[in-house]
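One structure is given here, and the rest of the page talks about it.
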Amino acid sequence: MSLTSNFGANMGRLVFKKFDYYTTHAMETQERILMEILKRNKNCELGKKYDFANIHSIEEFQDKVPLSTFEDYAPLIDRMVENNEKNIITSQKVLLYCSSSGSVGKPKLQPKTFKDIWSMQCSGFAGTPGCTERYLKAHGIADKLPTQMGPLIQSLKGFTLPNGAKCLMAGQVPVNNLKPIQKFFITTPRDILYPEDPENTCIPYFQLRFCLPNRNVTYVGAMVVTLMTAMFDYLEENWEMICDDIETGTIDGRVKCPESLRKKYGAMKPNPKRAEELRAIFREGFDTEVPVAKRIWPKLTWGYGMTSSTLGVYTEKLRRYIGDIPMHNMGYAASEGYMAMPVELNASDYVLLPRSLFYEFIPEDGDVNARPLTLDQLEVGKNYEIIVTNWSGLYRYRILDIVKCTGTYNNSTARTRRPIPICSTSWRIRPASTSD
């Protein structure tokens, strides 16, 4: 476990070292990755259509390539998925697809190439322990990231597309890539991370059934805080049943699960000593001076889970269970890419990642037909629609999210000598047809 923990921390340090460089040379980095994206994809169908080979500046890119939405890509991606056609929107090998409901509620499939997946891996996995270790050191909590072990409150089960490619939600990708070593830092067993029948499996029960007996849990994690809050809610309502099962090594008959899980885990080693320890904790109640999570796991140091202003009530409720342990807010990510990450724990805003994608911005009250701004032109306090060009075939793509520039980070030595913006997502949607 310590080797895995050190791996995450070491990779996190490297991610932040590069992050500090790229955010200090933000526009230079942006120009370079845009040119690299165009060069990689100049021979694909879209690359030829928009003459990528003869684009040599941001301005030329904006002049030649129109703004786009998912509707522009849907028929092209259908050809890729249904007919296994290649070299359509990207010349690079598509390793998997990401699915999301999208800002307008319509299901979307988007291809992911190695560069996008690697960016998601670095920012989504390594960036999290890297940021946590920085925080723990800066606040005198610990000299290094403790050995990592805890529950992952998330389902990683995806599905297979007609062309044989795997499809996952964007947030599933980083952890899914670590499948061979998951058992060294996640208490949740693979059967629950990849449930055979998620609709007929009481996921919170099994998450608790495997993390409660482990006294060495150091973190609690979920893709969104609602999942974590739901797990603790389930614990408060069902702790007696769970403790009985830990004591006897069985699964209560009231727990919904496939027969395969009941057969596999219905005769585990009894643990009466830990069961009684837990009963004593829960009998004290869930509103004691020391939060219940810290009483269950004395080594608990931090947590992570995506939050937003709309999830504030769940975050507040979660604090009742976990107290004031610092939380990593995961950042701003979608199927289009990993766009921004926090540089502090308990932060509600994030620093844009200049190496991850190429960004453009339209002022919320601006004309969508005017030339969009680049990240060095944003003004603190103003709202913008974010437009991205990624490594996997999306060009000048309107996500339709509105972000707010809340501050700046690093003293950039780029062409404008402007610090890189810090943004928060307001999760307000700008209709695709908006124009002035």
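Since every read-out is calculated from the coordinates, none of them should be taken as a lab result. Everything quoted here is computed from the prediction, not taken from an experiment. When we count neighbours, we look across all protein chains shown, and the Cβ atoms used for this are built from the backbone with ideal geometry, even at glycine.
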> Which angle between 0 and 90 degrees, to the nearest 10, do you get for helix 272-283 versus the longest principal axis of the chain when only C-alpha atoms count?
Replying inline: 70 degrees
> Which order do peptides 136-142, 381-387, 272-278 fall in by mean Cβ count within 10 Å, highest first?
Replying inline: 381-387, 272-278, 136-142
> Toward the positive end of the charge dipole of the stretch 142-325, about the Cα centre and with charges on Cβ (Lys, Arg +1; Asp, Glu -1), which of Phe286, Thr301, Trp239 goes farthest?
Replying inline: Thr301
> If you place +1 on the Cβ of every Lys and Arg, -1 on the Cβ of every Asp and Glu, and leave all else neutral, what size is the dipole of the stretch 120-208 about its Cα centre, to the nearest 20 Debye?
Replying inline: 320 debye
> Taking amide H positions as placed 1.01 Å from N in the peptide plane, with prolines and chain starts having none, which residues 5 or more places from Ile186, or on another chain, fall under 5 Å of its amide H?
Replying inline: Gly150
> Of Lys144/Lys273; Lys157/Lys179; Lys64/Lys108; Lys166/Lys263, which pairs sit farther than 20 Å apart, going by alpha carbon to alpha carbon?
Replying inline: Lys144/Lys273; Lys64/Lys108; Lys166/Lys263
> Which ³J(HN,Hα) values in Hz, rounded to whole numbers, follow from the phi angles of the stretch 38-55 under the Karplus curve 6.51 cos²θ - 1.76 cosθ + 1.60, where θ = phi - 60° and Gly and Pro get x?
Replying inline: 5, 5, 5, 10, 5, 9, 7, 4, 5, x, 6, 4, 9, 6, 3, 4, 10, 9
> Amide H to amide H, which residues 5 or more places from Ile153 or on other chains are under 5 Å from it, using H placed in the peptide plane?
Replying inline: Gly221, Ala222, Met223
>> Check which residues have an amide H placed less than 5 Å from His25's amide H, if you skip close sequence neighbours.
In response: Thr413
> Given the stretch 142-325, what percent of its DSSP beta bridges are antiparallel, to the nearest 5?
Replying inline: 20 percent
> Quick one: helix 225-248 against the long Cα principal axis of the chain, what's the angle to the nearest 10°, folded into 0 to 90?
Replying inline: 30 degrees
> Per-residue HN-Hα couplings for the stretch 128-140, Karplus 6.51 cos²θ - 1.76 cosθ + 1.60 at θ = phi - 60°, whole Hz, x for Gly and Pro?
Replying inline: 5, x, x, 5, 5, 4, 4, 5, 4, 5, 5, 9, x
> When DSSP beta bridges are limited to those with both residues in the chain, what percentage is antiparallel, rounded to the nearest 5?
Replying inline: 70 percent
>> Which one, Leu394, Ala74, Thr187, projects farthest toward the positive side of the charge dipole computed for the chain from Cβ point charges (K/R +1, D/E -1)?
In response: Thr187
>> With n ≥ 4 as the cut-off for DSSP H runs, can you work out [θ] at 222 nm for the chain, using -39500 (n - 2.57) per run divided by the number of residues, rounded to the nearest 500?
In response: -11000 deg cm²/dmol
> Once phi is turned into ³J(HN,Hα) by the Karplus curve 6.51 cos²θ - 1.76 cosθ + 1.60 with θ = phi - 60°, what whole-Hz value does each residue of the stretch 284-291 show in order, with x for glycine and proline?
Replying inline: 5, x, 10, 10, 8, 4, 8, x
